[in-house]
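Trainee: What follows is a single structure, and I will ask about it in a moment.
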Amino acid sequence: MPRYPALCRNAALLFAALAIAASLSGCGPSAYKNTILFTSHRLGNLGVHSMTPSGEPITPLTPRETDAYGARWSPDYTQLLYLARRGETTALLVANRDGSRPTKLVETSGILANPTWSPDGKRIAYALTKDGATQIRVIGPDGQGDTAVVFDVATADSPTWSPDSQWLAAASASPEFPGIYLRNPSGVNYHRLTDQQDSAPLWSPKQERIAFLSQRDGTPEVYVMHSDGSLQTRLTRNEAKEYQLAWSPDGAQIAYVSEVDGNPEVYVSRADGTQATRLTHNAFPDIEPAWSPDGQRIVFVSYREGNADLFIMDTDGNRQKNLTSGPSTDFMPAWSAR
């Protein structure tokens, strides 16, 4: 008897299973790449919320009894990291991607700042300031192995991971020993990359370059260098301030905020400093740019409607759209995992 009918039935079952799997894949971690995290006062206290790029639905993710802020996705989009303050203490927490099962990793009477996932998702770097001194520390997402990363200088509070998760870069907070330094989190290998008044280092997604701010020429300007400290190149040339750097996911462009026109506006430049383009144009501050994971859009904070709201635009500045509105303050957008 021919076997073709059975083969056809088996093929039909296989295609049905594949179709079901495809329909469910949008509910997995990758679906959260298209979800923006942000901090808002909309429920009376500071809280972490999420939304899609269309601006809805807006979903609270953190408990209302604490002030929560500064959320970041884990690299696989299965967890979120955030800071919370209650009374005199600040805590670092990890929760499931929907905000459930928050787990406290660190709690201190000091100040916690700028937590950031390692790209492999195995460690979290953060800054702890206590008694006037700042430490860069590393901890596992399970709360284990909380250790200080020892730099030979007092550091600023904004560590940044290399894409291979092997290095942390930090700026010196010491006027006597300025510059940007690298340290392997395990405590071995140490490099000084710059010796000027430089700050806010940010590794490119492909690891070959580091963007940073420098006051070596007077006001904070955008610079880029190779990750070994060579070829330090100034990208912006004006007497105004630049800040809030953000690499595009492909490492080809850098978004930043500039006050060159007398008001904070979002700009984007190629990594070699060419084709610098102003993306926002209004009389109120536009700040905090963050790229979408596919590099096609930028979310940012604008005060054009009287208070801080989130807006979205294409990377050429077109199709600017308000995502949040009303009397609440919405800020600290985080789209991609880093």
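The values are calculated or read from the model by the stated rules, or taken from the named source; none is laboratory data. In this text the structure is predicted, and so the values were computed from the model without any measurement. Because the Cβ atoms are built from the backbone with ideal geometry, glycine has one as well, and the counts that use them run over all protein chains shown.
Trainee: Determine which single condition PRO285 fails, assuming it passes every other condition in (1) surrounded by 17 or more Cβ atoms within 10 Å (Cβ to Cβ); (2) closer than 30 Å to LEU182 by Cβ.
Mentor: Looking at each condition in turn, PRO285 falls short on (2).
For every residue, the table says whether it meets (1) buried (at least 20 other Cβ atoms within 10 Å of the Cβ); (2) within 23 Å of THR66 (Cβ to Cβ).
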| site | (1), (2) |
| --- | --- |
| ILE111 | no, yes |
| ILE124 | yes, yes |
| THR129 | no, yes |
| PHE177 | no, no |
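Trainee: Among the residues of region 83-101, how many are within 18 Å of ASP142 (Cβ to Cβ) and surrounded by fewer than 19 Cβ atoms within 10 Å (Cβ to Cβ)?
Mentor: Residues that pass the stated criteria total 4.
Trainee: From the list THR315, THR280, exactly one residue is β-branched (Val, Ile, Thr), modelled with pLDDT of 95 or more, crowded, with 17+ Cβ neighbours inside 10 Å and farther than 21 Å from LEU37 by Cβ. Which is it? Outline the logic, then answer.
Mentor: Numbers: THR315 fails: farther than 21 Å from LEU37 by Cβ.
Going through THR315, THR280 in turn, the sole match is THR280.
Trainee: Oh, and also: Among the strands (runs of 3 or more DSSP E) contained in region 89-175, which hold 1 or more residues that are over 21 Å from HIS191 (Cα atoms) and modelled with pLDDT of 95 or more? Give the steps one after another, and end with the answer.
Mentor: On the way: elements: 89-96, 103-108, 111-117, 124-130, 133-139, 147-149, 168-171.
Once the strands (runs of 3 or more DSSP E) in region 89-175 are filtered for at least 1 residues that are over 21 Å from HIS191 (Cα atoms) and modelled with pLDDT of 95 or more, what remains is 89-96, 103-108, 111-117, 124-130, 133-139.
Trainee: Which residues, counting only those in region 273-282, are part of a loop (DSSP other than H, G, I, E, B), in contact (Cβ under 8 Å) with a residue 40 or more places away in the chain and of a type outside the set (A, V, I, L, M)? Spell out how you get there, then give the answer.
Mentor: The first filter runs over region 273-282 and keeps only residues part of a loop (DSSP other than H, G, I, E, B), leaving 273-276, 279-282.
Subset that is in contact (Cβ under 8 Å) with a residue 40 or more places away in the chain: 273, 276, 280.
Selection gives GLY273, THR280.
Trainee: Could you tell me whether region 214-237 includes any residue that is surrounded by fewer than 21 Cβ atoms within 10 Å (Cβ to Cβ) and under 17 Å from the mean Cα position of the chain (by Cα)?
Mentor: no
Trainee: Further question: How many of the residues in region 310-338 are over 21 Å from LEU43 (Cα atoms), part of a loop (DSSP other than H, G, I, E, B) and among the β-branched types (Val, Ile, Thr)?
Mentor: Step one: filter region 310-338 for residues over 21 Å from LEU43 (Cα atoms), giving 312-321, 335-338.
When the remaining residues are screened for being part of a loop (DSSP other than H, G, I, E, B), the result is 315-320, 335-338.
The next check asks that each one be among the β-branched types (Val, Ile, Thr); those that pass are 315.
Of the residues in region 310-338, 1 are over 21 Å from LEU43 (Cα atoms), part of a loop (DSSP other than H, G, I, E, B) and among the β-branched types (Val, Ile, Thr).
Trainee: Kindly indicate whether any position in region 253-268 is part of a strand (DSSP E or B), loosely packed, with under 14 Cβ neighbours inside 10 Å and modelled with pLDDT under 95. Don't jump to the end; show me each part of the working.
Mentor: Here is the first cut: in region 253-268, the residues part of a strand (DSSP E or B) are 253-258, 265-268.
Among the residues that remain, those that are also loosely packed, with under 14 Cβ neighbours inside 10 Å are: none.
No, the conditions are met nowhere in region 253-268.
Trainee: Can you find, within region 320-338, the residue that is nearest to PRO57 (Cα to Cα) among those that are among the aliphatic types (A, V, I, L, M) and at pLDDT 90 or above? Before you say what the answer is, go through the steps one by one.
Mentor: Residues of region 320-338 among the aliphatic types (A, V, I, L, M): 323, 332, 334, 337.
Remaining after also requiring at pLDDT 90 or above: 323, 332, 334.
Numbers: LEU323: 10, MET332: 18, ALA334: 16 Å.
That would be LEU323.
Trainee: Continuing with the same structure: Quick check on my filter: what residues within region 283-309 are at positive phi and either at pLDDT below 95 or not in a strand (DSSP E or B) (or both)?
Mentor: Taking region 283-309 and keeping what is at positive phi, we get 288, 295, 306.
Result: GLY295, GLY306.
Trainee: Kindly indicate the residue of region 282-311 that is of a type in the set (Gly, Ala, Ser) and more than 15 Å from the chain's Cα centre (by Cα) and also farthest from TRP335 (Cα to Cα) among those meeting that condition.
Mentor: Pass one, region 282-311, residues of a type in the set (Gly, Ala, Ser): 283, 290, 292, 295, 302, 306, 308.
Keeping just the survivors that are more than 15 Å from the chain's Cα centre (by Cα) gives 283, 302, 306, 308.
On the way: ALA283: 26, SER302: 16, GLY306: 24, ALA308: 17 Å.
By that ranking, first place goes to ALA283.
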